[in-house]
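Notes to accompany the following structure.
The values are calculated or read from the model by the stated rules, or taken from the named source; none is laboratory data. Computed from a predicted structure; not experimentally measured. Every residue, glycine as well, gets a Cβ built from its backbone with ideal geometry; the counts of neighbours run over all protein chains shown.
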Amino acid sequence: MSKLFKNIIYNLIGQGLVLIISFAAVKYVFGRLGAEALGIIYFTVAVNAVLATVLEMGISSTIVREISGHFDSDKKYIEDFVRTFSLFYWSIYLLASLIIFFMAPFFVHHWIRLSEINPSTAIYILRILGISSVMGLLRSFYTSLIRGLQKMGIVNFIDVVTSALQQFGAILILILGGGLLPVVYWFAASHILRVVIYFFFCLRSFSFSAVVPKASLNVLKRNFKFAFKTALISFFSIIHTQADKIIISKLLPVATLGYYSLAYSGVSQGTTLTDSVSQAVYPSFSALYKAGDKNSLMAQYHKLQDFVCFCILPIFAMIVFVTIPLFSYIFNRQVADLLLLPVTLLCIGFYMNGTVTVPYMFSLAVGKPGIGAKFNFFALFVVLPLTIILIYFFGLTGAGLAWVFYNIFSYSYAMPRICKECINIKPKDWFFHITRIFILAILTYGLSWLVLSAIKNHSIIALTLAYLSASVAYSFFSYFLITKELRKTIIYYFKLIFRLK
């Protein structure tokens, strides 16, 4: 089994387990502490995501690219590289902590809408959760080092173990009668523990002196151009991915933000397969490009693009089919009905986003991050104003529509350029490939949902049968649409599995 395939499996299993664990904790937090407590926790997550990404500036892409390309060939450069970026990350963590501490009162008094939780308590929670969870900056640095070495098993092992400790610890606290503050303290402690574990794992591959912060002018000059462009991508993209939640927190009650954030988080985890592939393939693409192995690079691209586009659609279709029973269980049927249309739109948007992930990673690996940077910059003036308008008039449904529109704009601007300038294929061939999958999805999953709506039956049994029958039809016809290379790979691994048995 290849290193790339192993890394995809590690990422897929790890991220899937983290998702399951997080849903279990949300059920208890909502049931024991209420919707506002859940809303404050997710508001902190949204603010930290914006702040951390703005300050981190997409440097993780540079780290993965340089570590994967030079770790074996230039040890001295890598040591200087790690020291320099260690100094960068620790500095911005301290800056982020100060910003959160002083901005917490503003958010509580002038932004979010509270009706049950005392403002002083909310400020205290935002500070504790914010300063601890923004340690994700440091976690991003250490995980990027490990991903650059293509050791995804370590990353996912740590994430699963620490997430399990965090979520099950919170559940235990609530079962024993603990309130909101003990849960907050536990979340904070788990964030710190995760960073400490990552640090010690990094010491297994890098010397202690290599992770001691120290700037190198040569490293900065060598990576400034690429890092600056990926920084722009990160800065603009985080605005687009978090704008809906920030706007909802201002225009709608904070409890509504809790519902939507969980739905958004759940749907975004449908990209687990996409993320697993992209995290594994980016260092692989980078290494092949650095080695000048164009044939292997293109073969890997075509196979993985086909694999992702066909395989992630049933995942997002399943999310739509389970929305009503899942959120009825976590919240109640009224909230589940409220979330059904927004979740459906988010699934469409995330599927579209997933189809551009492998091409985007390809563009980074070949050193052309400017395409993504320009796209996200232009989207600020096209998509962001529309997001505000849609949420103001249509609430959560408007937020879902805005995400679909963002990805339509991505299809219109970014993909034609990536096809021409990076992959060297015709844009019409790329769009034809995607269009076939959309048509197949409508004729299978779309038709099954229409049948359920016509008979007005959304029971668990009916939803399960409808989804499974649609999946069988989708899988059957997909086999004849995928490329010959992917078909051969699938047959090979099936044979390998049966031989092992």
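Quick notes on this structure:
- Per the listing TYR124, TYR142, the residue uniquely among the aromatic types (Phe, Trp, Tyr), crowded, with 23+ Cβ neighbours inside 10 Å and in a helix (DSSP H, G or I) is TYR142.
Condition check ((1) more than 19 Å from THR483 (Cβ to Cβ); (2) not charged (D, E, K, R)) across all residues:
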{"position": "LEU262", "(1), (2)": "yes, yes"}
{"position": "SER268", "(1), (2)": "yes, yes"}
{"position": "THR272", "(1), (2)": "yes, yes"}
{"position": "ALA280", "(1), (2)": "yes, yes"}
{"position": "PRO283", "(1), (2)": "yes, yes"}
{"position": "LYS290", "(1), (2)": "yes, no"}
{"position": "MET298", "(1), (2)": "no, yes"}
{"position": "HIS302", "(1), (2)": "no, yes"}
{"position": "PHE307", "(1), (2)": "no, yes"}
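- Residue list for segment 320-340, filter: in contact (Cβ under 8 Å) with a residue 24 or more places away in the chain, of a type outside the set (Ser, Thr, Tyr), over 17 Å from SER268 (Cβ atoms) and in a helix (DSSP H, G or I): PHE321, ILE324, PRO325, VAL335, LEU338
- Only residues that are surrounded by fewer than 19 Cβ atoms within 10 Å (Cβ to Cβ) and not in a loop (DSSP other than H, G, I, E, B) were counted in segment 358-373, giving 1.
- Selection count where residues are over 15 Å from VAL383 (Cβ atoms), among the aliphatic types (A, V, I, L, M) and at pLDDT 70 or above, scope segment 228-266: 7
- Selection status of ILE425, surrounded by 14 or more Cβ atoms within 10 Å (Cβ to Cβ), touching a Cys at 6+ places or on another chain (Cβ under 7 Å), assigned by TED's automatic domain parsing to the domain that holds MET318 and not in a helix (DSSP H, G or I): yes
- Residue check, ALA466 touching a residue at least 40 places away in the same chain (Cβ under 8 Å), part of a helix (DSSP H, G or I) and in the same structural domain as ARG417 (by TED's automatic domain parsing): yes
- Enumeration of residues in segment 444-459 that are surrounded by 12 or more Cβ atoms within 10 Å (Cβ to Cβ) and either in contact (Cβ under 8 Å) with a residue 24 or more places away in the chain or among the β-branched types (Val, Ile, Thr) (or both): THR444, TYR445, TRP449, VAL451, HIS458
- Those residues of segment 117-146 which are of a type in the set (Gly, Ala, Ser) and free of Cβ contacts under 8 Å to residues at least 24 places away in the same chain, in sequence order: SER120
- Scanning segment 279-336 for residues that are within 19 Å of MET361 (Cβ to Cβ), small (Gly, Ala, Ser) and surrounded by fewer than 18 Cβ atoms within 10 Å (Cβ to Cβ) gives ALA291, GLY292, SER296, ALA299.
- ALA170 being surrounded by fewer than 23 Cβ atoms within 10 Å (Cβ to Cβ) and assigned by TED's automatic domain parsing to the domain that holds ILE78: no
- Within segment 71-96, if we keep just the residues that are surrounded by fewer than 18 Cβ atoms within 10 Å (Cβ to Cβ) and not charged (D, E, K, R), the residue that is modelled with the lowest pLDDT turns out to be SER73.
- Note on segment 460-477: residues that are crowded, with 17+ Cβ neighbours inside 10 Å and more than 26 Å from the chain's Cα centre (by Cα) total 3.
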